[in-house]
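Sharing a structure, written as structure tokens. Questions coming.
Please treat every number below as a calculation from the coordinates, not as lab data. Just so you know, these numbers come straight off a predicted model, no measurement behind them. Note that we place each Cβ from the backbone using ideal geometry, even for glycine, and neighbour counts take in every protein chain shown.
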Amino acid sequence: MEYQQLGDNMAAVMEEVCLLWIRSEFYCKPCRMVVLLQEVCNLFLQMSRKFLCGEEVMRCLVSDPGPVLDDVRLVIRTLQTLKEAYSQTRIQLEEEQSCWDFPSHLVFFHLDNFLLHMHSIQEVFSVSVQLYRLDQAVLSGVGGRMWSDVVQGVYQDFLCHVTVLSNFTCDPTDPDDQSFQQQLAQFQAQVSDLERRLVSVLSRAFEDCCSVSSAAKLVKMFGFILDRPLIQDQLRPHLLRLVEMVLEELDQTERLFQSQREKLDTFSRFLPTAAARHCWSHRLRLRAEDTLTHFTAVHNLYQDSGVAQQVLQRFQQIMDVLQDFGDGVRSAWSSQLDSDCGFILDQPLLQHNQQGMLGVNCSHKLEAVLRQLRYVSRETDVELHLHAARLYTCIDDVTQSYLSLSHTMSCYGQAVSEALEEEIPLIQNQLQELNRTLSDLQRTTWSCEGVLQLVEQQRHRVMIFHATVSEARANMDAMTGILQGWAELQLLQRSADSLLEGGATEQSCRRIRDEGQELLRLTQVNRRLYAAEDSSESWITYLDHIDDKVQDGLFQLLLRSLHFLSDNMNPESCSAVFLAVSLQLQETGSVFEPSVEGGLSDLLKSVISDIYTAASLPPRISVSRHGNYQESLQQNPDLSALEQEVMRRLGQVREEAELLKARLDRYSFLWLSSRAAVMKEFLKYSRQLGPEELEAEGAPPTLKDFHREIESLGRRRTDVTQLDEVVVLHSWLQVDLRPFRDSLLSVLQDWRHMYTQYLLGAVSNSLKQVTQRGEDEDSSSSSRFPLTETILLLEAAGVELPEHLAAQLQC
């Protein structure tokens, strides 16, 4: 057999031995039977030592002592079973007057020594299994961290001791091995020292416990070692104090009950009063029961029947008081609940409230009653009287009916209370029909048969009406959203630093046109929902209401766009250039391009016209009003005032532009005068070019006159070059002066070129005469101007002599 099977067959072994004693002529003598029984014991001792694997036993102390401990316990139980079977056999033989008169210790001398040794090994493994659990022990409280570290120190010391014992090399199952006996004695002394250290830690931990629950947690955490005699004896005073804490906790529960039993605010506001009082007393009972449970965990450690009796009596006293209170609450609750249920059963389902609206009758009281009945369904000790039992039997139908009816009347109230003034005539007939059908519910009570079916029928009609009205109002909300979007629409926008020449954007116009068609479609959908006739007065009034909203939306769009123009033409608020022109020099004089007189005015009028044209894009909603929205809005005084403000600011900037042009017209003599005529007059009379020209006649010009005239043109060129490239008028109109400046510089260059070319011609004539005569004196006398001074003047003016003249001059 396997060793685990031996214990169940010990009786059979002893039965065979008994038969030998009775029947055998050899074994019927006591001395021979003692020897036989000793051999049987030796056999089982040999099997036990083989089962425990001898030298391998102690090595498991540091790895996994649990299975070895189970094996040692099995060996002890098996050998104890052998001794018990022997005792039973000996008693049986005494009854049959064939007893064994030899002493038992002769038989079990070696077996008892082995058992004693096994108990020592069992104690080693048992305490090892217990102390291994210290590795997971964590104490809470103020000094919990410190005491947990001390416990870990005890655990580490234990590991050192158990490691030494596990290294024992001889067979520990041999009870005659004195060296192992010494090792066991030393280990037990070390364990006793560790236990004293643990007692010190646990004593402080118990002192820190402020409640029974925390003490119970401590007992639960260290219960695996608290049953050891040394630890239990040392901790007995602390355990006695915990018993006092148990009694104090029970007293506190009773005091809480006595002080709060008549205060309504003590109980939950989310439950009916009776249910809350019942729940409160139940929680107190659970509190007392938890206290008793904690006491049981503590009391089991030292078994003091007197203290246990005292605690149980105190617990029973409190439970009796709470039971009496709960019985009173349940009795009063049953009576009141029955009265409330009787009242509800006689009430009609619907009734008009103080505002005249139709709603569920006594809804709050009905909810409270249903909530109490639901609570009662979980509390089997609450008795239901006649009316309460009747309502309880149909609680699901009543609850479903109430929820359905509440939702129905909420939808009905929403459809009625949120109706527009223009909408009421359209739904008046449907409302009258609904009121006639709902009057049946005003005559029906909760005690009537078929309430749920009747409620569902009326609910279906109301929900159809509510869905129709809700869809129509959703369409109205969609239309309102479209019109609000128009108010935020950018009809005009900038391109770089100026207004788009195209006026209103095509994208915005397309959106207005498409959404206008959507508005018309939604109104036709609502006509079908309301089942209205096209020619009915109520429908025409409804369309006029939508038409007013559309016109207001377009008004906001136009107002925003005109404000865009006005704000961008306001010198005090505009932040960037809005429009741009350039000043150009033409044959007729300086002109603006585009013209500030006609061009800008035409552009702004075109933009304003585009703005108003956007109001003509959506189709007219009203069938009683003529013309499109543009015609109506063009007469709006607010829009007209903004339009006039735009044109007024254009007039202001036009005046400023003309002043700028007038300041630049001081150079007009340059492009208005004939250069040929001026040159002719200059050569004849030395007259100066410009507005300061003298009327008196003079002599022909000298070289100094030419020099003065060229210098005057140079100064004017410098002045023109220093003109601003761009001038901003009124902070919004940009005037580009570069075309004018470049053209004027070209005119100045032509004038200068005229004088320098004349001097070059004079130099060329002088050189020709020099070549022909070869005499310097004659050449100088034949020319009006000295040749050398003329050349120096041309060089000072930056004019280079042509190559042929330079070659002649070199010669």
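Where Rh is the Kirkwood radius over the Cα pairs of region 598-693, the temperature 4 °C and the viscosity 1.567 mPa s, what D in µm²/s does Stokes-Einstein return?
On the way: Rh = 18.4 Å.
D, rounded to a whole number, is 70 µm²/s.
What does the highest-first list of 737-744, 551-558, 432-439 look like by mean Cβ count within 10 Å?
Numbers: 737-744: 17.9, 551-558: 21.2, 432-439: 13.2.
Top of the packing list down: 551-558, 737-744, 432-439.
Among 443-452, 641-650, how do they line up from the highest to the lowest mean number of other beta-carbon atoms within 10 Å? Don't skip to the answer; put the middle values down first.
On the way: 443-452: 14.7, 641-650: 16.5.
Listed from highest to lowest mean packing, they are 641-650, 443-452.
Please compute the modelled spin-label separation between S404 and E418, points set 7 Å along Cα→Cβ, answer in nm with one decimal.
Once both label points are built, they end up 2.4 nm from each other.
How much net charge surrounds Q453 when only other residues with a Cβ under 13 Å from its Cβ are counted (Lys, Arg +1; Asp, Glu -1)?
Working: positive: R459; negative: D397, D440, E449, E456.
Residues close to Q453 contribute a combined charge of -3.
Here's a follow-up. For L20 and C160, what does the FRET efficiency come to when R0 = 45 Å and r is the distance between their Cβ atoms, rounded to the nearest 0.05? Could you put the intermediate results ahead of the total?
On the way: r = 53 Å, r/R0 = 1.18.
So the FRET efficiency works out to roughly 0.25.
Under a plain spin-label model, where a point goes 7 Å from the Cα along Cα-to-Cβ, how far apart in nm are E803 and L603?
5.0 nm
In addition: Just for the Cα atoms in region 534-673, what are the lengths along the principal axes, largest first, rounded to whole Å?
80, 30, 20
According to a simple spin-label model (label point 7 Å from Cα along Cα-to-Cβ), what is the distance in nm between K50 and H626?
My value for the distance between the label points is 12.8 nm.
Normalized C-alpha radius of gyration of region 395-473, against 2.2 N^0.38 Å? Before the final figure, lay out the partial values.
Details: Rg = 13.4 Å, N = 79, 2.2 N^0.38 = 11.6 Å.
It is 1.16.
Taking Rh as the Kirkwood radius, which is the inverse of the mean 1/r over Cα pairs, what is the Rg/Rh value for region 347-478?
Working: Rg = 17.4 Å, Rh = 16.3 Å.
Rounded to two decimals, Rg/Rh equals 1.07.
Given R₀ = 35 Å, what would the calculated FRET efficiency be for M679 paired with Q652, taking r from the Cβ atoms and rounding to 0.05?
Using R0 = 35 Å, I get an efficiency of 0.20.
Now a separate question. Using per-residue counts of other Cβ atoms within 10 Å, averaged over each peptide, order 457-463, 69-75 from highest down.
Working: 457-463: 16.4, 69-75: 18.6.
So the peptides 457-463, 69-75, ranked by packing, come out 69-75, 457-463.
Let me ask something additional. Apply the Kirkwood formula to region 426-471: the hydrodynamic radius equals the inverse of the mean of 1/r over all pairs of different alpha-carbon atoms; give it in Å with one decimal. Please report the intermediate quantities before stating the final value.
Values: mean 1/r = 0.0872 Å⁻¹.
One over the average 1/r among Cα pairs gives 11.5 Å for region 426-471.
Can you work out the FRET efficiency for the pair Q507 and S439, with r the C-beta to C-beta distance and R0 = 41 Å, to the nearest 0.05? Show your work: numbers first, answer last.
On the way: r = 56 Å, r/R0 = 1.37.
Rounded to the nearest 0.05, the efficiency is 0.15.
Okay, moving on. Apply the Kirkwood formula to region 308-375: the hydrodynamic radius equals the inverse of the mean of 1/r over all pairs of different alpha-carbon atoms; give it in Å with one decimal.
On the way: mean 1/r = 0.0657 Å⁻¹.
15.2 Å is the Kirkwood radius here.
Let me ask something else about it. If you stretched the chain out fully between R521 and A308, how much longer would it get, using 0.36 nm times the residue separation minus the C-alpha to C-alpha distance? Present the calculation step by step, with values, prior to reporting the outcome.
On the way: separation 213, 0.36 × 213 = 76.68 nm, distance 8.73 nm.
This chain segment gains 68.0 nm when fully extended.
For Cα pairs less than 8 Å apart in space and 6+ apart in sequence, what is the mean separation divided by the residue count of region 625-772, i.e. the relative contact order in percent?
Dividing the mean separation by the residue count of region 625-772 yields 17 percent.
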